[in-house]
Amino acid sequence: MANFRISVSVLFCIVSAGLAAGQDGGPFGASQGGMRREMVPALFIFGDSLIDNGNNNNIPSFAKANYFPYGIDFNGGPTGRFSNGYTMVDEIAELLGLPLIPAYSEASGDQVLHGVNYASAAAGILDITGGNFVGRIPFDEQIRNFQSTLDQITANLGAIDAARSLAKCLFFVGMGSNDYLNNYLMPNYPTRNQYDSQQYADLLVSQYDRQLTQLYNLGARKFILAGLGRMGCIPSILAQSSSGGCSEEVNQLVLPFNANVKAMMNRLNVNLPGARFIYIDSANLFEDIVTNAGTYGFSVVDRGCCGIGRNRGQVTCLPFQTPCPNRDEYVFWDAFHPTEKVNIIMARKAFNGDISIVYPINIEQLANFDIEN
């Protein structure tokens, strides 16, 4: 990571959550511009390709999206986001009054003042996940990268001020999809022969518990955990179906993981003093969008906007491939990832939705929650 030297006078100057200059308006009127209140000092992001914004660009990996038509609707063009535009965390950052959060691979100097995105396409909770794509940054390594950032912050602020600031920040974690799609469901991985669905979920969440506790021990207090969506309904899985319908086998497969994550979250909220974890029910969100597709303006719920083969899901979006022109009518951008419009809808519902979507409180309430150290 590029060297960054940050003076005490500027680093986390946003801790006061004062007014900051607004960025250019986001898509669908996400921002109104002008001055806006920053609800939290910073947003730190951990995850996979659903929220990666360029960390895989310069590593030897087959999991990259730094080419057109990825980013076709994003102001910066192809950046490494696996979307036609915004990811879910881009919209969440704007709703919090923050600028877009930079990728760890590119963040330097004052760029880290509002947080860092450590997410990596093909990454999983398990280090072995995503090996078919060669290079990726697993969750354990993402945590080490955060620790590197934290070491720099602590060196400038001192341990007490750094900890006080960090306790007010939000930590978004979206892990687990690849542990199924690019591990358990891959024929060249042994895990499916070693574990049934419940045993595998137990393995994953045991590791996940350790990793989140490690972040807590580094000073994180406010956590947003994203559950797994209905992965049996993504174009890649649909393309393998003889009936063309969702794979209920895959949908059922991930249910124990989501159940375990909720139980873990409740346990951590009790056992980790001062911590506050919330859970985004991605499966319920997706179900709502598909069931009420017309209400949201969607007309295509089972095919990618960009891709090749059945459901445009057998081969994902290729360089300079021409995508569908009516992208706002598609739920899926490519074989695996939602369109910008879906990302924004999900972010907004997670931000101020009720307990059927985000539990036990929403992101807005978490941002305003006063953590007692």
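The values are calculated or read from the model by the stated rules, or taken from the named source; none is laboratory data. If you're wondering where the values come from, they're calculated on a predicted model, not measured in any experiment. Backbone-built Cβ (ideal geometry, glycine too); neighbour counts: all protein chains shown.
Could you tell me whether A159 is buried (at least 23 other Cβ atoms within 10 Å of the Cβ) and not hydroxyl-bearing (S, T, Y)? No, not satisfied. Remark: pairs (first residue in region 235-258, within 23 Å of V315 (Cβ to Cβ) and without any contact (Cβ under 8 Å) to a residue 24 or more places away in the chain; second residue hydrophobic (A, V, I, L, M, F, W, C) and part of a helix (DSSP H, G or I); Cβ separation under 6 Å; 6+ apart in sequence or on different chains) = C246/C233; S247/I237.
For D90, indicate whether it is of a type outside the set (G, A, S), under 26 Å from L366 (Cα atoms) and modelled with pLDDT under 95. For D90, the condition - of a type outside the set (G, A, S), under 26 Å from L366 (Cα atoms) and modelled with pLDDT under 95 - is not met. Does A162 qualify as being modelled with pLDDT under 95 and in contact with a Ser or Thr (Cβ under 6 Å, 6 or more places away or on another chain)? Yes: the conditions hold for A162.
Can you name the residue in region 211-263 that is of a type in the set (F, W, Y) and over 19 Å from N183 (Cβ atoms) and, of all such residues, is surrounded by the fewest Cβ atoms within 10 Å (Cβ to Cβ)?
Filtering region 211-263 down to residues of a type in the set (F, W, Y) leaves 216, 223, 257.
If we keep only those that are over 19 Å from N183 (Cβ atoms) as well, we get 216, 223.
Values: Y216: 19, F223: 23.
So, considering only residues that are of a type in the set (F, W, Y) and over 19 Å from N183 (Cβ atoms), the one surrounded by the fewest Cβ atoms within 10 Å (Cβ to Cβ) is Y216.
So that you can scan it fast, the table gives a plain yes or no per residue for (1) at pLDDT below 95; (2) of a type in the set (D, E, K, R); (3) under 21 Å from G229 (Cβ atoms):
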residue	(1), (2), (3)
I278	no, no, yes
F336	no, no, yes
K341	no, yes, yes
I345	no, no, yes
Q365	no, no, no
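Considering only region 103-142, state which residues are among the β-branched types (V, I, T) and crowded, with 18+ Cβ neighbours inside 10 Å. Spell out how you get there, then give the answer.
In the first step, residues of region 103-142 are kept if they are among the β-branched types (V, I, T); the result is 112, 116, 125, 128-129, 134, 137.
Correct list: V112, V116, I125, T129, I137.
Counting only residues that are on the phi < 0 side of the Ramachandran plot and surrounded by fewer than 23 Cβ atoms within 10 Å (Cβ to Cβ), region 74-95 holds 6 of them.
Set side by side, the residues K262, K222 differ, and just one is touching a Lys or Arg at 6+ places or on another chain (Cβ under 6 Å) and not aromatic (F, W, Y), which is K222.
Regarding region 69-86, can at least one residue be identified that is under 15 Å from V173 (Cα atoms) and among the polar types (S, T, N, Q)? Show your work before the answer.
If we filter region 69-86 for residues that are under 15 Å from V173 (Cα atoms), which is where we start, we get none.
The answer is no, given that none of the residues of region 69-86 is under 15 Å from V173 (Cα atoms) and among the polar types (S, T, N, Q).
Of everything listed in (1) touching a strand residue (DSSP E or B) at 6+ places or on another chain (Cβ under 6 Å); (2) within 19 Å of N258 (Cβ to Cβ), the single unmet condition for N182 is (1).
Answer yes or no as to whether S7 is modelled with pLDDT under 95, among the polar types (S, T, N, Q) and either on the phi < 0 side of the Ramachandran plot or assigned to a loop (DSSP other than H, G, I, E, B) (or both). Yes.
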